[in-house]
Every structure is written in C-alpha cells, then in structure tokens.
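These notes concern the structure reproduced below.
Nothing in this text is a laboratory measurement; each read-out follows from the coordinates by a stated rule. The structure displayed is predicted, hence computed values, not measured ones. Note that we place each Cβ from the backbone using ideal geometry, even for glycine, and neighbour counts take in every protein chain shown.
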Amino acid sequence: MQRIVINNIADIDFAAAKLLKGFEGQMVFAFFGEMGAGKTTFIQALCRKLDVIEVVNSPTFTIVNEYHTENSNSIYHFDFFRIKKIEEVYDFGFEDYFYSGNYCFIEWPELITDILPDNAVLVKINVDKGGTRILEIE
C-alpha cells in the first residue's frame, strides 16, 4: 500500500502528479471516502495534470461526465452515489468505459467493487482532525 499526504490545498497538484506517475499505465481509479473528503477536488487536480480543457464537476446527476484533453483524449468521471442497484451500472454499459483504454475516475465505487477491472487502483481518502488528507492506495 502506498500513502500520499496532502497537508493543504496547495499540495493537491503535486499529490495528483505523484499518483499518476506512481501508477503510470493504470487507467481506472476508484476513490473511496466520506462526503466532503475531497474526492471531486482531487479528481479535478488529476484532470488538470492530464490537461483537461473543460470544467471538471462531479457528475452526481448524470452518473458520468466525459472530458477531453488538449490531445483530444477522453477522460471519464463517474459518481455512483445515486446508484441504488448494480443493474443500473450494467444498463449504461460500464464495460465500454472501464475497458476503453481511457482514464476512468470513479467516486462512490462501493456498490460496484465486484465489477471493477482487476487492475483498478483503489484510493481511500481519509481526513485527519486537522484537515490533512491521507490517500491510501492499493
């Protein structure tokens, strides 16, 4: 297990670059953490490092947002918070995204852990009493 510590918001881009470099070639990242832990904020930092040209927002109501990089690559950002049954994930064709070869960043993956690709990177974001974020990565 790897750990990345984010002491304050100024460290977030460095932490995003470290995660991408440490897991180069990995394309599916699942982010676990309580409400307000910083999942969306960290995914925004990852997208900045990957040169996304659109505004990055949580896809809470749409389930998935597609962003494009300066090189016209697609990045998929999922929010499964509102998913109540695994069948909903099958209905929108998750395989097309997860096995596309494009980056997939997944918030609230608890319901879908059994269908994540075997090589998905699991990132748990914990918040300590002082507000420091600790990423535990498997």
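Observations on the model:
- All lysines inside 28 Å of LYS21 as judged from Cα atoms, apart from same-chain residues fewer than 8 positions distant: LYS39, LYS49, LYS124
- Longest exposed-site-free window of the chain, the sites being chymotrypsin sites (Phe, Trp or Tyr not before Pro) in a DSSP loop that have at most 14 other C-beta atoms within 10 Å: 1-60
- Degrees separating the helix 39-49 axis from the principal Cα axis of the chain, which is the longest one: 90
- Relative to the longest principal axis of the Cα atoms of the chain, the long axis of helix 12-22 makes an angle of roughly 60 degrees.
- Filtered GluC sites (Glu not before Pro), the stretch 53-117: DSSP coil and at most 16 other beta carbons within 10 Å: GLU54, GLU70
- The ellipsoid equivalent to the alpha-carbon distribution of the stretch 2-137 has semi-axes of 22, 18, 14 angstrom, derived from the gyration tensor eigenvalues as √(5λ) and listed largest first.
- Volume in Å³ per residue [convex hull over Cα atoms, computed for the stretch 61-102]: 64
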